[in-house]
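For reference, the structure is listed below as C-alpha cells.
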Amino acid sequence: MDQVGSGFSDFLQFLFMGLQRGSIYALVGMGYNIIYNSTGVINFAQGEFVVFGGLMMVTLTMTANLSIPLAFLLTVLFVTLIGVLMERFTIKPVKNPNVLRLIIITIAVSILLKGMAMCFWGKGSHYMRHFTGSDPIEVFGATLLPQTLWIIGILAVVVIGFVLFFNHTMIGKSMRACAINRDAARLAGINDRNMVMLSFALSAGIGAIAGIIITPIIQMDYTRGALLGLKGFGAAVVGGLGNSFGAVAAGMLFGIMEAMAAGYISSHYMDAVALLILLIVLFIRPSGLFGSADAARLREF
Amino acid sequence: MRRIILMATAGIFVLMVSSLAFAADKEPYKVGCVFAVTGKASWLGEPQKNTAEMIAKQINDAGGIDGHMLELYIEDTQGENNRAKQAVKKLVHSHDVVAIIGPSRSGTSKILIPDMQRAKIPMISCAAAESIVNPVNPWVFKVAPNDSDAVRKIYEHMNKKGIEKIGIITGTTGFGNAGRNQLKELAGEYKINIAADETYAPGDTDMTAQLVNIKNAGAQALINWSIVPAQSIVPQNMKQLKLDIPLYQSHGFANVKYAEAAGEAAEGLIFPASRIMAVDTLSEDHPQYNVVKEYKDNYEKKYNDHVSTFGGHAYDSLHLVVNALKAVGPDPEKIREYLETANFVGTAGVFKFTPEDHCGLDKEAFALLTVKDGKFVVLGE
C-alpha cells in the first residue's frame, strides 16, 4: 500500500478506537448529568451502576444461558431497581438535603455497592462473549470489531431515546422543568420527589447499558467502578454539568483525542491528554464547553 | 457484686486450667502471617491465607511438628503499608511469633525490613520485587521468582528463534512499569532491539492505535507485559489488525480467565510462568511434579477455585518455616541460619538459598507455557 493510503487507514483505525472509547465516557457522563439535574449533586455511585450492569449481564448470559436481548433487558431492569432503591432508602429520607450531605451519601452507597458486588461475584474478573462474534470488519484498510459497532450504535439509540423522552413526553418535560426550577415546577403541580426517583432510575439504567456493552471487551470486576466513573465525570464536566448532549460531545472528544495522542504522539501521554483538556476547559470556561455561564452561577455546586 | 466477682474469678480459673490442659504436652509453635486478605491486592492475599490455613490444618491433623501444634496468627494488611507495620508489631510483641510469612505486596514487604531487623525475627516475603532481598538483609527472604528472570526466559527464547526487532506494550500499573524497565534494561544483553515502546491504562478498551504503531515499526514479535484483565484485549486487537507476529506475555497472564477472555486469539501465545499453572502437562519426572500436583489437587478440592502462583508462595514460605522448626526448633536466630542454607523443592521452583542469595531461585523457576484449546500447557521446545 502506498504511503498516503496507509496513512489514511491508520487515521481511520485511530478514529474507530476513539469513537469506541468516547462512547463509553459519553454514556457514563450522561448518567451523572441526569441525577445532577434533578438533585444538584454528583452521584459517586454511578460507576457502581456500570459494574452491576456488567456483572449481572455476565451471570445471565454465561451462567444462566439466557439470550442476549433478554439478558440485556433483565439486567437494565435489575440495575434500574437498584437505582430506585438507592433513592428511596438513602436520598429521600434525608430531612435537610444539602449538596454536601447528599454527595457523602452517594459515596457511602458506592462503597456499599462495591462490597456487595464483591460478595456476590467474588474478586476475580468476569468476561462474556461478544454480542455477535468477534470477526473483524474491514473498512478502507482499517478494521473494527462488531462489538465496537454495537457500542456506538447503542449510544446513538440511547441519545435518540433521550431526545424523544425529554422533548416529547409529559414525564420528560416535567423532569426538565424540575431541573430548570424546582420550586416553580412544584407550584405547577409536578411531584418533584418522584422526578428525583425517576432520575435515579434512568441514570442507573444508562449505567447498566454502559456496563453491558463494554464487558465483552474489557471484562468486569467489582473494583472497576471508580475508574470508569472518573473519565465519564471528566466528560460531564467538560461538556458542562447538567448538559447531557455536552457530555456526549465531550466524551467523544476525550476518546478521539486520546486515540490520536496514542497513535501520533505516544501512548505514554494518552491519559494526560484527557486531563489536559479538562484543565484547559476549567481554566477558560469553568461552566464547560456547552454549559451556560449564567446558569452555572445560579447553581449551588 | 461480690458474687459476680467471685463467679468471674472462678470463670477465669476454669479458662486457665482448660487452656493448660489443652496445651498439656508441648508448647505450640507460633508463626505470623501478614497477607493482603482484603483490599485492592486481595487476589494475592486471599489464596495465600487459604493456603496457609490448609497447610496448618494438614500438619496439625498429622500430629503437628514433633508433637508441637503449629499455631498461625493471620493478620490482614489490606495491602497497606501502615497496617502491615501495625500487624507485625502485634505479631512480634503480643503473640511472640518465631517467624513471619508474607506480606503479599512488594511495597509492604520493603517497608517491613527495618522492623524485622529490629525484632530479630525472620520474614519470608511472598512478593516478587528484587529490591526486597537486594541488598541482602539477614532477616528478610523471599520465595516469589524475580521479574527479571521472566524477561530473561522470553529473550532467550527469542534468541533461539532468531527474533531481533521487537515491540513492547506494557500496562501503566506498578507491575507493568517494572516490567517495562526490565525489558529495556536487559534488551542489550540479549542483542534485542526494541523498535516500539507503547503503554495502556488498566481501564483501556482498545489498543489498536498502539498496535498500528508497533506494526509500522516493523517489529518481528510483541511482548505484552501487564497483570490487569485489559491485557486480554491485545491478542484480540492483533487478530483484528491481522498483525501476525509471535505474541509473548508476562507471567502476569498466568490466570486461566485471561486466556478464556481472549478466546481464540490467545491460542499459541507464549508466556513464562510457574509450573503450577500447567501441572497437567508437566513431565512426571520433573523434580517439582509431586509438590505442585499435591498442592493443586488439595487446594482445588478444598476451596473449589483455581490454584494460583500467589497461593503457592504461601505454600513455599510456610513449608520453609516448618522445615526450619523441625530442624532447629523455635529459635528465630537458628531459623534464620537454617533458611540461609536451605534447599527446598517448592511450587515456585527448586530453591537453593545462600547467605548472599535470599531468593534462591533463578530463571529456571519459569517454564515457557502456551495456550492450547483455552488451557495452559508447557511449550514443547
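The values are calculated or read from the model by the stated rules, or taken from the named source; none is laboratory data. Predicted, not measured: the structure shown is a model, and the values here were computed from it. All Cβ positions, even for glycine, are placed from backbone atoms using ideal geometry, and neighbour counts span all protein chains on display.
Brief remarks follow.
- The residue pairs whose first member lies in the range B:327-349 and is among the acidic types (D, E), whose second member is part of a loop (DSSP other than H, G, I, E, B), and whose beta carbons are closer than 6 Å, counting only pairs six or more residues apart or on different chains, are B:E340/B:F353; B:E340/B:P355.
- Candidates B:K326, B:K334, B:K296 - the one that is among the charged types (D, E, K, R), assigned to a helix (DSSP H, G or I), closer than 21 Å to B:W139 by Cα and in contact with a helix residue (DSSP H, G or I) (Cβ under 8 Å, 6 or more places away or on another chain): B:K334
- Only one entry of A:F44, A:F78, A:F72, A:F11 meets the criterion of being within 14 Å of chain B (Cβ to nearest Cβ) and surrounded by fewer than 24 Cβ atoms within 10 Å (Cβ to Cβ), and that entry is A:F11.
- So A:A156, is it exposed (fewer than 15 other Cβ atoms within 10 Å of the Cβ), part of a helix (DSSP H, G or I) and modelled with pLDDT of 90 or more: yes
- Candidates B:L241, B:L222, B:L247, filtered to the one that is within 11 Å of another protein chain (Cβ to nearest Cβ) and closer than 29 Å to A:G22 by Cβ: B:L241
- Of all residues in the range B:168-186, those satisfying the criterion of being part of a helix (DSSP H, G or I) and within 11 Å of chain A (Cβ to nearest Cβ) are B:N177, B:R180.
- Here is the figure for the range A:1-60: residues that are more than 30 Å from A:R176 (Cβ to Cβ), of a type in the set (S, T, Y) and touching a Gly at 6+ places or on another chain (Cβ under 8 Å) total 2.
- Selected residue (only one of B:S109, B:S104 is among the hydroxyl-bearing types (S, T, Y), touching a Cys at 6+ places or on another chain (Cβ under 7 Å) and under 19 Å from B:P145 (Cα atoms)): B:S104
- Cross-chain or 6+ apart pairs with Cβ under 8 Å, the range A:122-134 first and closer than 17 Å to A:S67 by Cα, then modelled with pLDDT under 85 and part of a loop (DSSP other than H, G, I, E, B): A:Y127/A:Q219
- Residue match in the range A:213-229 (condition: in contact (Cβ under 8 Å) with a residue 12 or more places away in the chain, over 30 Å from A:G133 (Cα atoms) and of a type in the set (A, V, I, L, M, F, W, C)): no
- Qualifying residue in the range A:14-25 (condition: buried (at least 17 other Cβ atoms within 10 Å of the Cβ), more than 14 Å from every other protein chain (Cβ to nearest Cβ) and in contact (Cβ under 8 Å) with a residue 60 or more places away in the chain): no
- Each residue in the range B:128-176 was checked for being free of Cβ contacts under 8 Å to residues at least 40 places away in the same chain, farther than 30 Å from B:T341 by Cα and exposed (fewer than 15 other Cβ atoms within 10 Å of the Cβ), and 3 of them qualify.
- Residue in the range B:180-191 that is over 24 Å from A:P216 (Cβ atoms) and touching a Ser or Thr at 6+ places or on another chain (Cβ under 6 Å) present: yes
- Only a single item in (1) without any contact (Cβ under 8 Å) to a residue 24 or more places away in the chain; (2) within 14 Å of another protein chain (Cβ to nearest Cβ) is not met by A:K173, and it is number (2).
- The test for being buried (at least 16 other Cβ atoms within 10 Å of the Cβ), part of a helix (DSSP H, G or I) and more than 12 Å from every other protein chain (Cβ to nearest Cβ) does not hold for A:A274.
- Among (1) more than 14 Å from chain B (Cβ to nearest Cβ); (2) closer than 25 Å to A:T90 by Cα - the single one A:A188 does not satisfy: (2)
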